[in-house]
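The values are calculated or read from the model by the stated rules, or taken from the named source; none is laboratory data. Since this is a predicted model, take the numbers as computed values, not measurements. Here Cβ is always computed from backbone atoms with ideal geometry, including for glycine, and neighbour counts include all displayed protein chains. Ligands, DNA and RNA are stripped out before the accessible areas are found, and what is left, the full protein with its side chains, is counted by its heavy atoms. Shrake-Rupley method; radii C 1.70, N 1.55, O 1.52, S 1.80 Å.
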Amino acid sequence: MTIYQLVTNHAHKRMKERLGIKSPKERERRCQLAFQRGKPSDIEQTYWNGRSVNRIAIDYQGFLWIYGDGGVLITVYPKNNKGDNE
Amino acid sequence: MKYYIHQAKVGLSEGGLFIQCVVASVLFSKDDGEHRWLHCVEVEGIPCFYLNGEDAYESLIEEDDEVLERMNDESWVQEIDGFPLGEYDRIFQGLEEQPDNPCVPLIRYVIALVRLDMAESLALAKLADGREVDSIPIPETDLDVDYREGCL
């Protein structure tokens, strides 16, 4: 059976340390909520476009949520945390 | 002594926007044939175990206060067949101290249901069809890694 991963291991770790969410399933749910309810971040999107990787930057609840192909969450970081994007 | 699992359910409670519970319920039996439910409700990374003869999964998912209060009074357990339950560090200590306790695979199965990604958990739950629980390959969880690295 193919298991489709919504959240990368890296993003799991970042959500645990930066948002304090201890449950992996709760992290998955937040990842989906951010994707559904967040707003595109133009500034952050420009940054990622410049790195020639396919990324979607979403602004949700004070954090920037970075998604890759298929809506997989790559990483998450605070909005004001310039210079530590990953 | 063997443990057999007949049914397994896992999901997130219907709680508020921010904090939800992970609920896993497993119907199991032992050689004596008596069927019992082991429920694990995890809130903010802290598990709570209940043991009874009641399929309370839907009530736990719906956070039915009456059922929860009754289960807290009557069915909350801190050990099962001599194996310590409680917070994860205590459980993993038990796994190290009692690796041959026959209920270890059952505990590992329930923890995996709670901690794996939802797709993996649901795939694992489908394997509950009356087979011996120790015949099921249980994937490593984030807790196994944390315990191994000394940061659980």
Note to self: Rolling a 1.4 angstrom probe over the protein chains, ignoring ligands and nucleic acids, what is the accessible area of A:Ile43 in square angstrom, nearest 10?
What the structure shows: 130 Å²
Notebook entry, point to check: Hey, with R₀ at 22 Å, roughly what FRET efficiency would B:Glu79 and B:Glu14 work out to, going by the Cβ-Cβ distance, to 0.05?
Noted result: 0.15
Notebook entry, point to check: Given N residues in chain A, what is Rg(Cα) / (2.2 N^0.38 Å)?
Noted result: 1.02
Notebook entry, point to check: Could you sort B:Val77, B:Val43, B:Val114 by accessible area so the largest value comes first, with the probe set to 1.4 Å?
Noted result: B:Val43, B:Val77, B:Val114
Notebook entry, point to check: Can you pull the percent of the stretch B:87-149's accessible area that's carbon plus sulfur, 1.4 Å probe, other chains left in place?
Noted result: 47 percent
Item checked: Size of the A/B contact, given as accessible area buried on both chains, probe 1.4 Å, in Å² -> 1500 Å²
Margin query: With unit charges on the beta carbons (Lys and Arg positive, Asp and Glu negative) and the dipole taken about the Cα centre of the stretch A:9-78, which residue among A:Trp48, A:Val76, A:His12 sits farthest to the positive side?
Written below: A:His12
Check: Given 10 Å bins starting at zero, what is the percent of C-alpha pairs of the stretch B:1-126 in each, up to the one with the largest pair distance?
Finding: 13, 47, 35, 5, 0
Notebook entry, point to check: Once you charge only the Cβ atoms, +1 for Lys and Arg and -1 for Asp and Glu, what is the size of the charge dipole of the stretch B:4-148 about its Cα centre, to the nearest 20 debye?
Noted result: 440 debye
Next item on the list: Leaving out ligands and nucleic acids, note down the accessible area per residue over chain B with a 1.4 angstrom probe, in whole Å².
Entry: 47 Å²
Notebook entry, point to check: Magnitude of the Cβ-charge dipole of the stretch A:9-78, K/R +1 and D/E -1, about the Cα centre, nearest 20 debye?
Noted result: 340 debye
Notebook entry, point to check: Peptides B:137-144, B:103-110: what's the order by average Cβ count within 10 Å, highest mean first?
Noted result: B:103-110, B:137-144
Notebook entry, point to check: At what distance in nm do the modelled label points of B:Asp100 and A:Val72 sit from each other, each positioned 7 Å from its Cα along Cα→Cβ?
Noted result: 4.3 nm
Notebook entry, point to check: Summing -39500 (n - 2.57) over the DSSP H runs of n ≥ 4 in the protein assembly as shown and dividing by its residue number, what mean residue ellipticity at 222 nm do you reach, to the nearest 500 deg cm²/dmol?
Noted result: -10500 deg cm²/dmol
Check: How far is the Cα center of the stretch B:23-94 from the Cα center of the stretch A:1-65, in Å?
Finding: 32 Å
Next item on the list: First compute the accessible area of the stretch A:9-78 with a 1.4 Å probe, then give the percent of it belonging to carbon and sulfur atoms.
Entry: 50 percent
Check: Between A:Gln32 and B:Lys2, what is the FRET efficiency for a Förster distance of 30 Å, r being their Cβ-Cβ separation, to the nearest 0.05?
Finding: 0.20
Next item on the list: Return one whole number: the accessible area per residue of the stretch A:9-78 in Å², for a 1.4 Å probe.
Entry: 48 Å²
Next item on the list: Choose one of B:Ile136, B:Ser29, B:Gln7: the residue whose Cα lies farthest towards the positive end of the charge dipole of the stretch B:4-148 (beta-carbon charges +1 Lys, Arg; -1 Asp, Glu; about the Cα centre).
Entry: B:Ile136
Next item on the list: Determine, from the Cβ-Cβ distance of A:Lys79 and B:Arg148 and an R0 of 30 Å, the FRET efficiency 1/(1 + (r/R0)^6), rounded to the nearest 0.05.
Entry: 0.30
Notebook entry, point to check: In the full protein assembly as shown, how much of B:Lys9 is accessible to a 1.4 Å probe, in Å² to the nearest 10?
Noted result: 40 Å²
